[in-house]
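Remarks on the structure that follows.
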Amino acid sequence: MSSTLLSRRDLRFLLHDWLEATRLTERPRYAEHSRETFDAVLDLAERVATERFAPHNRAADLSEPPSTAGGCTSSRRSSRPSTSSPRPACWPPAWTPRSGGMQVPHVVQVACFAWFQAANIGTSAYPFLTLGNANLLLAYGSAEQIDTWVRPMVQGRFFGTMCLSEPQAGSSLADITTRPEPQDDGTYRLHGTKMWISGGDHELSENIVHLVLARIPGGPPGVKGISLFIVPKVLLDADGALEARNDVVLVGLNHKMGYRGTTNTLLNFGEGVHRPGGRPGAVGYLVGEPHQRLPQMFHMLTSSRP
Ligand SMILES: Cc1cc2nc3c(=O)[nH]c(=O)nc-3n(C[C@H](O)[C@H](O)[C@H](O)COP(=O)(O)OP(=O)(O)OC[C@H]3O[C@@H](n4cnc5c(N)ncnc54)[C@H](O)[C@@H]3O)c2cc1C
């Protein structure tokens with residue numbers, strides 16, 4: 001297959017002639033791979049990018065998803081990313097065997113994502129965010145959290161976001177005010193507003209796993225008082241099945257000049273539209289220990305694959 005999205009010749013030069021990626025197979029971690037498996041993965045990335053990402057690129061940019069009473073949706077089918085298999089986030093080369101993937105070296109994954117981003121920068125943001133979210137949880141989440149939230153992300157059923165910014169706090173995360181209230185059962189109820197959240201609402205996945213920075217009352221001031229929470233759009237029952245809407249509500253969409261296939265959202269947590277268990281607040285699960293969790297979120301920013 002020859003594509004006009006990227007030059008295979010340039011990619012071959014960068015990966016094999018310049019970076020000598022195949023030398024990585026000398027290491028035990030990548031011993032099962034070879035130049036042939038790297039090239040096969042790149043062939044697949046090219047095909048997925050060409051057949052599933054590129055066709056709706058222009059339509060998604062021309063007609064950004066509108067917001068409706070039920071959330072954010074794409075009105076025109078032609079502008080929607082394909083959710084049929086293989087789903088964008090369910091990209092096995094990006095994951096380690098522990099999480100159900102192929103353990104392809106990072107440099108090859110980056111080359112794969114170059115295909116997706118060349119084909120459709122808007123749609124590729126969804127797997128990009130989901131990979132970063134899952135990698136953060138693999139590094140800092142409990143075994144139960146990994147099982148509950150990462151596994152469906154690897155399967156492409158759940159997508160992920162990162163919720164740092166607030167209307168009054170962009171660069172200055174020390175000023176965030178989203179407030180989690182501890183509950184007797186070890187969970188938290190969150191109240192607050194998050195601004196500029198990419199992929200914050202859409203209909204492309206069964207669920208959205210928000211990773212939310214918030215300030216537990218009584219903690220130290222500034223960034224040292226920031227904790228990290230998993231706050232799903234839809235709560236799960238004990239068996240991991242979708243159960244009930246959490247109180248995470250789309251308030252509005254931010255409109256961009258380009259890159260419009262990725263929804264950018266203003267979200268309210270604990271607005272009272274949905275009251276899980278009849279009580280106020282969005283249900284959240286603490287990741288790691290309380291406080292000083294900002295560096296964990298930066299793990300997501302730096303470990304999204306690519
Ligand atoms: C397309 C898009 C997608 C986004 N997606 C997400 C997302 O998924 N999740 C999320 O949490 N956020 C997201 N954001 C928000 C983004 O992270 C913020 O825009 C960013 O943190 C900057 O905050 P701000 O826009 O409030 O700018 P401000 O913080 O108000 O900064 C404005 C200007 O002031 C400068 N400045 C700020 N502080 C200082 C200082 N102390 N000294 C000197 N100069 C300073 C900045 O460099 C900048 O030039 C997104 C934003 C955009 C545009």
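The values are calculated or read from the model by the stated rules, or taken from the named source; none is laboratory data. The structure displayed is predicted, hence computed values, not measured ones. Heads up, the Cβs are rebuilt from the backbone with ideal geometry, glycines too, and the neighbour counts pull from every protein chain shown.
The conditions are (1) β-branched (Val, Ile, Thr); (2) modelled with pLDDT under 95; (3) under 18 Å from the mean Cα position of the chain (by Cα), and ILE230 fails exactly one of them. Which is it?
It is condition (2) that ILE230 fails.
Filter segment 129-160 for residues that are of a type in the set (D, E, K, R) and closer than 21 Å to GLY199 by Cα and give the result.
Going through segment 129-160, the residues of a type in the set (D, E, K, R) turn out to be 144, 147, 151, 157.
Selection gives ARG151, ARG157.
Looking for whichever is free of Cβ contacts under 8 Å to residues at least 40 places away in the same chain, within 16 Å of the ligand (Cβ to nearest atom) and of a type outside the set (Phe, Trp, Tyr) here; the options are ALA125, ALA143, ALA174, ALA134. Which one fits?
On the way: ALA125 fails: free of Cβ contacts under 8 Å to residues at least 40 places away in the same chain; ALA143 fails: within 16 Å of the ligand (Cβ to nearest atom); ALA174 fails: free of Cβ contacts under 8 Å to residues at least 40 places away in the same chain.
So the residue among ALA125, ALA143, ALA174, ALA134 that is free of Cβ contacts under 8 Å to residues at least 40 places away in the same chain, within 16 Å of the ligand (Cβ to nearest atom) and of a type outside the set (Phe, Trp, Tyr) is ALA134.
Residue check, LEU242 against (1) within 13 Å of the ligand (Cβ to nearest atom); (2) in contact with an Asp or Glu (Cβ under 7 Å, 6 or more places away or on another chain), all met but one. Which one?
Answer for LEU242: the failing condition is (1).
Filter segment 242-290 for residues that are within 19 Å of PRO182 (Cα to Cα) and assigned to a strand (DSSP E or B) and give the result.
VAL248, ASN268, PHE269, ALA282, VAL283, GLY284, TYR285, LEU286
Can you tell me how many residues in segment 254-264 are buried (at least 24 other Cβ atoms within 10 Å of the Cβ) and either in contact with a Leu (Cβ under 7 Å, 6 or more places away or on another chain) or not assigned by TED's automatic domain parsing to the domain that holds THR178 (or both)?
Counting residues in segment 254-264 that are buried (at least 24 other Cβ atoms within 10 Å of the Cβ) and either in contact with a Leu (Cβ under 7 Å, 6 or more places away or on another chain) or not assigned by TED's automatic domain parsing to the domain that holds THR178 (or both) gives 1.
Rundown of residues vs (1) touching a Ser or Thr at 6+ places or on another chain (Cβ under 9 Å); (2) of a type in the set (A, V, I, L, M); (3) outside the structural domain of GLN109 (by TED's automatic domain parsing), yes/no style:
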residue	(1), (2), (3)
LEU164	no, yes, yes
ASP175	no, no, yes
PRO180	yes, no, yes
TYR188	yes, no, yes
ILE197	yes, yes, yes
PRO220	no, no, yes
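Quick one: what pairs do we get from segment 192-206, first residue in a loop (DSSP other than H, G, I, E, B), second among the hydroxyl-bearing types (Ser, Thr, Tyr) and near the ligand (Cβ under 7 Å from one of its atoms), C-beta under 9 Å, 6+ apart or different chains?
Sorted first by the residue in segment 192-206, then by its partner, the pairs are GLY199/THR161; GLY200/THR161.
Listed here are the residues, each with its yes/no results for (1) loosely packed, with under 12 Cβ neighbours inside 10 Å; (2) without any contact (Cβ under 8 Å) to a residue 12 or more places away in the chain.
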{"site": "GLY218", "(1), (2)": "yes, yes"}
{"site": "PRO221", "(1), (2)": "yes, no"}
{"site": "LEU228", "(1), (2)": "no, no"}
{"site": "VAL231", "(1), (2)": "no, no"}
{"site": "ASP239", "(1), (2)": "yes, yes"}
{"site": "VAL248", "(1), (2)": "no, no"}
{"site": "VAL251", "(1), (2)": "no, no"}
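So that you can scan it fast, the table gives a plain yes or no per residue for (1) modelled with pLDDT under 95; (2) closer than 17 Å to ASP175 by Cα:
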site: ASP237; (1), (2): no, no
site: LEU242; (1), (2): no, no
site: HIS255; (1), (2): yes, no
site: GLY261; (1), (2): yes, no
site: VAL273; (1), (2): yes, no
site: PRO276; (1), (2): yes, no
site: LEU294; (1), (2): yes, yes
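Return the residue satisfying two criteria in turn: it lies in segment 201-214 and is within 15 Å of the ligand (Cβ to nearest atom) and either touching a helix residue (DSSP H, G or I) at 6+ places or on another chain (Cβ under 7 Å) or modelled with pLDDT of 95 or more (or both), and of such residues it is farthest from VAL150 (Cα to Cα). Before you say what the answer is, go through the steps one by one.
Of all residues in segment 201-214, those within 15 Å of the ligand (Cβ to nearest atom) come to 201-202, 208-214.
So of that shortlist, the ones also either touching a helix residue (DSSP H, G or I) at 6+ places or on another chain (Cβ under 7 Å) or modelled with pLDDT of 95 or more (or both) come out as 208-214.
Working: ILE208: 11, VAL209: 9, HIS210: 12, LEU211: 12, VAL212: 16, LEU213: 19, ALA214: 21 Å.
It comes out as ALA214.
On the basis of being in a helix (DSSP H, G or I), hydroxyl-bearing (Ser, Thr, Tyr), touching a helix residue (DSSP H, G or I) at 6+ places or on another chain (Cβ under 9 Å) and farther than 11 Å from VAL209 by Cβ, does THR123 make the cut? Lay out the reasoning, then the answer.
Values: in a helix (DSSP H, G or I): yes; hydroxyl-bearing (Ser, Thr, Tyr): yes; touching a helix residue (DSSP H, G or I) at 6+ places or on another chain (Cβ under 9 Å): yes; farther than 11 Å from VAL209 by Cβ: yes.
So THR123 passes the test.
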